[in-house]
Amino acid sequence: MKFDVQIETKCQGINWDVQDQYHAISFPIYQTATFSRSKLGETTGFDYTRQSNPTRSQLESIVAGLENAKSAVAFSSGMSAITAVMNLFNPGDHIIVDADLYGGSVRLFNDVCKRYGMTFSTVDCSTENVEEYITENTRAVYLETPTNPMMHVTDIAKLAEITKSHNILLIIDNTFLSPYFQNPLDLGADIVVHSGTKFLGGHHDTIGGFVIVNDAELDEKIRTILKTTGAGMAPFDSWLILRGIRTLAVRMDRAESNALKIAEYLSNSPYVTKVIYPGLKSHEGYEIMKKQARGFGAMISFEVVSKEFAVEVLNNLELFYFAESLGGTETLLTYPITQTHAELPKELLERNNITDRLLRLSVGIEHSTDLINEFERVFAIAAKNTL
Ligand SMILES: Cc1ncc(COP(=O)(O)O)c(C=O)c1O
């Protein structure tokens, strides 16, 4: 990009690296599998869409800009992006992973990567000394911050000092905060992954993922994996995410301001036994968040008085949805124990306190009063039916 501009401006997709020939304001969808060559040995830079496509390249260049990175590679889902990162490693390699992660990532490590001879140590990166788990085979530390769903916060810069001194990679899943609120590469991480399905896309209408790096050799390896495994993002999905990113800043600001009001409301509810939101001063990660992020995000986990109460809440929602996923304009309430974390080994569920009383809220951009009124309404029904 030619100019040094703020993230709100970067979101508008003004990108002087890839220029459409007709200077379309909305970047065109290059819905083509292949590209012709005028002569042997000549190329427009695009040959075959599995390898690269102009709409995907435009998106990659904007996402790289949002993370202050040299390069971003766009995949067909967050999971295919994380799989590509795992494909960097070899049998015998040891990876330290945080104890609290999206359930699909845990399944990838346990059910796929282990079959290829990789080994894993599960560590609470926010409280434990990660250095004690590093062995001569350790190649990387992988974590989310805040974590899904328990919102643990890890000091990225502090951990980066450790990983750099041992010459191992620090990989951060930055999905929960989005690049609008946090840029892990600036804090010393080596690889950032995103589920683009969430805040980047922002409308619950497409699936995508990103691997973002500053290192040319890593970029080359990831692009070779993408080209070889065929997990690249399709042109139309790339366009949807380009469009979603245009409003990233305003969506994140509104969703965060709603989240703070809802977290305060939930904290005062007699039916809620615990509220976990890193924007509350009582959260143990609050000071680290203030240091390393520009905002607290729009994800809240909370525990209610009983399993029966939780089920009644989920079954009686009218204004927002009982659904998996997060990061869209509409508010979603998720039940981690049967949805996002359903397949987690029992010992991890217990270790992380993911109980049948835990609900996870992805706050949208509706009016906060309406959202709070909906909680009042469903809490009254749940109380009447269960207490
Ligand atoms: C934190 C996090 N990372 C990765 C993923 C996987 O992304 P996708 O569903 O786009 O494959 C998810 C999905 O919920 C997630 O919550």
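By the helix-only formula, in which each DSSP H run with n ≥ 4 contributes -39500 (n - 2.57) and the sum is divided by residues, the chain has a 222 nm mean residue ellipticity of -10000 deg cm²/dmol. Amide H to amide H, with H built 1.01 Å from N, Phe120 comes under 5 Å of Ile95, counting only residues 5 or more places away or on other chains. Between Lys158, Lys198, Lys221, the GNM of the chain built on Cα springs shorter than 10 angstrom shows Lys158 fluctuating the most.
Only the Cβ atoms of Lys and Arg (+1) and of Asp and Glu (-1) were treated as charged; on that basis the dipole of region 171-302 about its Cα centre amounts to roughly 440 debye. Computed from the Kirkwood radius of its Cα pairs, the Stokes-Einstein diffusion coefficient for region 343-387 at 25 °C and 0.890 mPa s stands at 187 µm²/s. Compared with the dominant Cα axis of the chain, that is its longest principal axis, helix 235-246 is turned about 60°.
Computed from Cα positions, the angle between helix 216-229 and the longest principal axis of the chain comes to roughly 80 degrees.
Among beta bridges from DSSP that stay inside the chain, the antiparallel ones total about 55%. When each of the peptides 123-131, 63-71 is scored by the mean number of other C-beta atoms lying within 10 Å of its residues, the order from highest to lowest reads 63-71, 123-131.
Computed about its Cα centre, the charge dipole of region 124-214 is approximately 280 debye, with only Lys, Arg, Asp and Glu carrying charge at their Cβ.
For the listed residue pairs Lys70/Lys164; Lys290/Lys384; Lys164/Lys290; Lys164/Lys261, the alpha carbons are over 28 angstrom apart in Lys290/Lys384; Lys164/Lys261.
Protection proxy ranking of 340-347, 271-278, by the mean of other Cβ atoms within 10 Å over each peptide's residues and highest first, is 271-278, 340-347. Solvent exposure of Asp253, expressed as accessible area, is near 70 Å², computed with a probe of 1.4 Å over the protein chains only. Descending by average beta-carbon neighbour count within 10 Å, the peptides 371-378, 99-106 line up as 99-106, 371-378, the highest first. Over region 248-386, the pair-distance histogram of Cα-Cα distances with 10 Å bins from zero comes to 12, 43, 36, 9, 0 percent, rounded to whole numbers. For the chain, the longest principal axis of the C-alpha atoms and the axis of helix 156-165 are separated by about 50°. Whole-Hz Karplus values for region 374-387 come out as 5, 4, 4, 5, 6, 5, 5, 5, 4, 5, 4, 7, 10, 9 Hz, taken residue by residue from phi with 6.51 cos²θ - 1.76 cosθ + 1.60 and θ = phi - 60°; glycine and proline positions read x. The DSSP beta bridges internal to region 1-146 are antiparallel in roughly 10% of cases.
Per-residue Karplus couplings for region 39-56, computed as 6.51 cos²θ - 1.76 cosθ + 1.60 with θ equal to phi - 60°, are listed in order as 8, 4, x, 9, 8, 7, x, 10, 10, 7, 5, 4, 7, 6, 8, x, 5, 5 Hz, Gly and Pro entered as x.
Spatially, region 66-135 and region 313-367 are offset by 23 Å when compared through their Cα centroids. Look at the dipole of the chain built from charges on Cβ: of Tyr102, Thr32, Ser76, the Cα furthest out on the positive end belongs to Thr32.
Translational diffusion coefficient of region 33-179 (Stokes-Einstein, Kirkwood radius from Cα pairs, 10 °C, 1.306 mPa s): 93 µm²/s. Evaluating kT/(6 pi eta Rh) at 10 °C and 1.306 mPa s, with the Kirkwood radius of the chain over Cα pairs in the Stokes-Einstein relation, gives 74 µm² s⁻¹.
The values are calculated or read from the model by the stated rules, or taken from the named source; none is laboratory data. Please read these numbers as outputs of a predicted model, since none were measured by experiment. Every residue, glycine among them, receives a Cβ derived from its backbone with ideal geometry; neighbour counts consider all protein chains shown. We work out accessible area using only protein heavy atoms, side chains counted, and drop any ligands, DNA or RNA first. Shrake-Rupley method; radii C 1.70, N 1.55, O 1.52, S 1.80 Å.
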